[in-house]
Amino acid sequence: MTGSPRAVRVLRAIAVSAMLAGAGAARAQGLTALIEAGYLSGNLTLVDPAGRETTSSTIAYPQRYRLSYSQQLYPFLSLNASGLYEWTPATTNTDGLERQSDGQRWNVFASANIGPPILNLTPYYLRRQEFATSQVLGQPVFTSPTLVNQGYGAFLAWNPAGLPVLGLKLSRNENFDSARAFQDTVTDEVQLTATYLDIPQLTLRYSARYTDEQNRIQALDYQDLDQAAQVGWSGSWLDQRVAFSVMYNLGYRITWVDSSGGGFVTLQQFPVAGLSLVEVFPSVPSRNTLQPNPALIDGDVTSSAGLDIGYAPSLNGDVNFRDMGLQFANVSTPVNSLWIWVDRQLPPNVAGAFSWTAWQSDDNLSWTEVPITGPVIFGTFQNRFEIPIARTQARYLKVVTRPLAAAVTVDPRFADIFVTEAQAYLIVPASQAQRKTELVSSNLTTYLRLLFWREWNLAYDFSAFVAQSNTLTPNFWTITNGLSAGRRLTSVWAVSGQLQRTDNGVQGDHESVSRLNAMLSADPLPTIGAGLTYSGAVGQFRSGTIITNSLTLLGHLDPWEGVNVYGSLGYTWARDQSGRTSNGANTVVSVTLAPMRTLLLAGTWSLNSGYQSGGSLPPRDNRQTLLQGTVSFTPIPAFSFSAGATRTANLFTSPQTLANFVAGFSPFPYGQLLIRFSYNETLESGSESRVRLYGPSLRWNIRPGSFLDMNYTWTETVQPALYTFGRTLFAQLTISLR
């Protein structure tokens, strides 16, 4: 890379810094600015069994400059604009071969709000662009194609009193490279929404969206008209002894495909529920039940759905699987791609460090793995993982991954990475897609609750869901009936129970699940308590009958202040569709000690053992154990210390030990300066491998909105065939002008 272009970019960065610094004097005019200047220096050495060393070093200067403007110019006119420029020049040296590179990304956004709240117009414009260059010294400079994402349009909102609230969106979005050689797509969209909520307990909604997507490289034109109407009502009577709700949805969707070349058509498949789970030992992806998570399918790809896959959980010993799932209205919805959105852009080394698996299920209990058919791609401008899977049709689908390993990066921006949305798609070649497709669908959801006896909380619950469409013959339906009761019998004893049956399917194809849950608890003293729970289910599916039974005895003991003991003992027995039976026992014991206000000790031991036999597979034993301990010590407000160790083992893999500790020191009041030291180690005794990650870090809060972060990290990986060690220094100065 020649000196002149880099000098130009340095001068540009200096000019941007000066402009942002000048924003401090213009704060009264609605200007705010943010400067993030970083320094990264690291080296990595690999030693093979023969003693040969390969050493690489990297020096980078990541920088981000943001400028925002927001101003109310007149009572009914406001402007908002922002710009972001990211620049990362870097030099890498591998065994004497030096390579210089830099990547640049910038985006701008501007919008105006015109009019009063009852009737207003919001035009907008956005543009995002990035490119990178690299050069091995003595050779020509390689410049990547410039990738551009550009969009513009307007929102119109009308909120008249006593009438439906109307919204209209007109937009165009363009994705292309600078030469329009390998990417050139244009998407036009018109969307109309109407919502009426002025009548209590009544909901009326209508939406229509027309999309025209043109791929000019592949001569593909894809058009989609999607209309939906919804009417709902809910109410309660007799002091909430009777509650009832009903919701009816009607949809009409028509698509056209016009292709004179190649290309692919991407059709989004819409689920009826979002599901998620953070698996806790001894749970495994092949057998667990995901819990409802509406935030996964709410259409918001920027707000967290509560699942963190960054490296912060790993540093704290949490390497549990994260399950992200979808439930469909039927078993005939074809899907071959799952998209998982996150709340930030990830560089290739971070995005590529995640390992994904995909699973399908008919009952949200037993899961079968679905092959991933290609590389997982992370979007250039869209913050999402695109996971290709074998084409499948199932009522439940999920993807599973663990939090980012702590050794992948030390960049604090990736300590927390939150999942925001899960989407399902069917992607087919344009040559195989129907030229015209029509889908007329509707579904009805109703719920009834009758409270018979308030003292016993004796209640009957009924819910029904019916779905029909011109592609779903016969119609899909599901009905749930449930009876529940519970009360405290005396000051010591309490009981509760629930009997529930769910029937679903289509004409001539009936499936059902019957469930029984019961609990008996006793609390003779505030410091002593115990409970006995039973959970059982019988599922009758097309593939056979599933039976599960679980009995658990649990208790707690708090003999003295600051001492808590918890334990549980359980037994399970199950039989799957093939006649294969499994039985096992599980035990958990945990102790928490707080001998003083500044000291907290905790330990947990658990054992899960089981045996499977029958069916077409040979017998199989399984045993998993976990031993975990933590300590937290804060003798004075300025000093804190915490440490933990976790050891897991089972019959089929080698034991693994994870240890960590963190010490923090804040010598100044109000936390202006915080110094920490952390240590993490993972040891697999069977494979004789060990990973260590440790080092100090510092944060100096210069003033509100401005701070300096620094950390120095040692990494060491020991394996029988490879030894790796590295050192990394990372520093970042953030200055906010408001």
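The values are calculated or read from the model by the stated rules, or taken from the named source; none is laboratory data. Treat the numbers as computed from the prediction; the structure is a model and nothing was measured. As a convention, Cβ positions derive from the backbone with ideal geometry for all residues, glycine included, and neighbour counts pool all protein chains shown.
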Sole residue being crowded, with 18+ Cβ neighbours inside 10 Å and within 30 Å of ALA643 (Cα to Cα), chosen from ILE340, ILE309
ILE309
Report whether or not TYR196 is of a type in the set (Ser, Thr, Tyr) and out of contact with any Asp or Glu (no Cβ under 7 Å at 6 or more places or on another chain).
yes
Reported set for region 367-383 where residues are surrounded by fewer than 19 Cβ atoms within 10 Å (Cβ to Cβ) and either touching a residue at least 12 places away in the same chain (Cβ under 8 Å) or not small (Gly, Ala, Ser) (or both) is THR368, GLU369, PRO371, ILE372, THR373, GLY374, PRO375, VAL376, ILE377, THR380, PHE381, GLN382
Output the number of the condition that VAL246 fails; it satisfies all remaining conditions of (1) in contact (Cβ under 8 Å) with a residue 60 or more places away in the chain; (2) hydrophobic (A, V, I, L, M, F, W, C); (3) closer than 21 Å to LYS436 by Cβ.
(3)
Checking GLY317 against (1) under 13 Å from the mean Cα position of the chain (by Cα); (2) small (Gly, Ala, Ser); (3) over 27 Å from ASN470 (Cβ atoms), which single condition isn't satisfied?
(1)
Look through ARG172, ARG216 and report the one residue that is at pLDDT below 95, of a type in the set (Lys, Arg) and out of contact with any Pro (no Cβ under 9 Å at 6 or more places or on another chain).
ARG216
Would you pick out the residues in region 384-399 that are more than 30 Å from GLU36 (Cα to Cα) and crowded, with 20+ Cβ neighbours inside 10 Å?
ILE387, ILE389, ALA394, ARG395, TYR396, LEU397, LYS398, VAL399
Examine region 33-46 for a residue that is more than 27 Å from THR728 (Cα to Cα) and under 34 Å from the mean Cα position of the chain (by Cα), and state whether such a residue exists.
yes
Subset tally (residues that are outside any strand (DSSP E or B) and either of a type in the set (Lys, Arg) or touching a Ser or Thr at 6+ places or on another chain (Cβ under 7 Å) (or both)) for region 506-560:
3
Residue check for TRP359: touching a residue at least 60 places away in the same chain (Cβ under 8 Å), within 30 Å of GLU86 (Cα to Cα) and crowded, with 20+ Cβ neighbours inside 10 Å:
no
In region 58-86, residues that are touching a Pro at 6+ places or on another chain (Cβ under 8 Å) and under 30 Å from LEU46 (Cα atoms) total 2
Which listed residue, of SER616, SER606, SER582, is closer than 26 Å to THR653 by Cβ, among the small types (Gly, Ala, Ser) and assigned to a loop (DSSP other than H, G, I, E, B)
SER616
Of all the residues that make up region 350-377, how many are in a strand (DSSP E or B) and either aliphatic (A, V, I, L, M) or not assigned by TED's automatic domain parsing to the domain that holds ASN336 (or both)?
4
Could we say that ILE427 is at pLDDT below 95, among the hydrophobic types (A, V, I, L, M, F, W, C) and within 30 Å of GLU213 (Cα to Cα) here?
yes
Test VAL301 against the stated conditions and say whether it is surrounded by fewer than 19 Cβ atoms within 10 Å (Cβ to Cβ) and not in a strand (DSSP E or B).
yes
Please pick out the residue among SER491, SER550 that is assigned by TED's automatic domain parsing to the domain that holds THR592 and closer than 23 Å to SER361 by Cβ.
SER550
Quick one: how many residues across region 133-158 are within 30 Å of THR91 (Cβ to Cβ) and either over 29 Å from the mean Cα position of the chain (by Cα) or without any contact (Cβ under 8 Å) to a residue 24 or more places away in the chain (or both)?
14
The residue from VAL190, VAL136 that alone is surrounded by fewer than 16 Cβ atoms within 10 Å (Cβ to Cβ), at pLDDT 95 or above and either assigned by TED's automatic domain parsing to the domain that holds SER259 or more than 19 Å from ASP212 (Cβ to Cβ) (or both) is VAL190
Considering only region 505-520, I want to know if a residue exists there that is loosely packed, with under 14 Cβ neighbours inside 10 Å, in contact with a Gly (Cβ under 9 Å, 6 or more places away or on another chain) and not acidic (Asp, Glu).
no
Run down GLN624, GLN628 and say which single residue is in contact with a Pro (Cβ under 7 Å, 6 or more places away or on another chain) and in contact (Cβ under 8 Å) with a residue 60 or more places away in the chain.
GLN624
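Answer with yes or no whether LEU275 is out of contact with any Gly (no Cβ under 7 Å at 6 or more places or on another chain), hydrophobic (A, V, I, L, M, F, W, C) and within 21 Å of SER332 (Cα to Cα). Talk me through it step by step, then tell me what you get.
On the way: out of contact with any Gly (no Cβ under 7 Å at 6 or more places or on another chain): no; hydrophobic (A, V, I, L, M, F, W, C): yes; within 21 Å of SER332 (Cα to Cα): yes.
When the stated conditions are applied, LEU275 does not pass them.
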Contact list, first residue from region 680-700 and under 20 Å from ALA643 (Cβ atoms) and surrounded by 15 or more Cβ atoms within 10 Å (Cβ to Cβ), second anywhere and at pLDDT 80 or above and acidic (Asp, Glu), beta-carbon distance below 6 Å, six or more apart or interchain, is ARG692/GLU681; ARG692/GLU716
Let me confirm something: among ARG435, ARG454, ARG449, which residue is among the charged types (D, E, K, R) and buried (at least 16 other Cβ atoms within 10 Å of the Cβ)?
ARG449
Give LEU439, LEU451 a once-over and let me know the one that is in the same structural domain as VAL242 (by TED's automatic domain parsing), modelled with pLDDT of 90 or more and among the hydrophobic types (A, V, I, L, M, F, W, C).
LEU451
Tell me yes or no: at least one residue of region 255-264 is modelled with pLDDT of 90 or more, in a strand (DSSP E or B), surrounded by fewer than 17 Cβ atoms within 10 Å (Cβ to Cβ) and not assigned by TED's automatic domain parsing to the domain that holds SER304.
yes
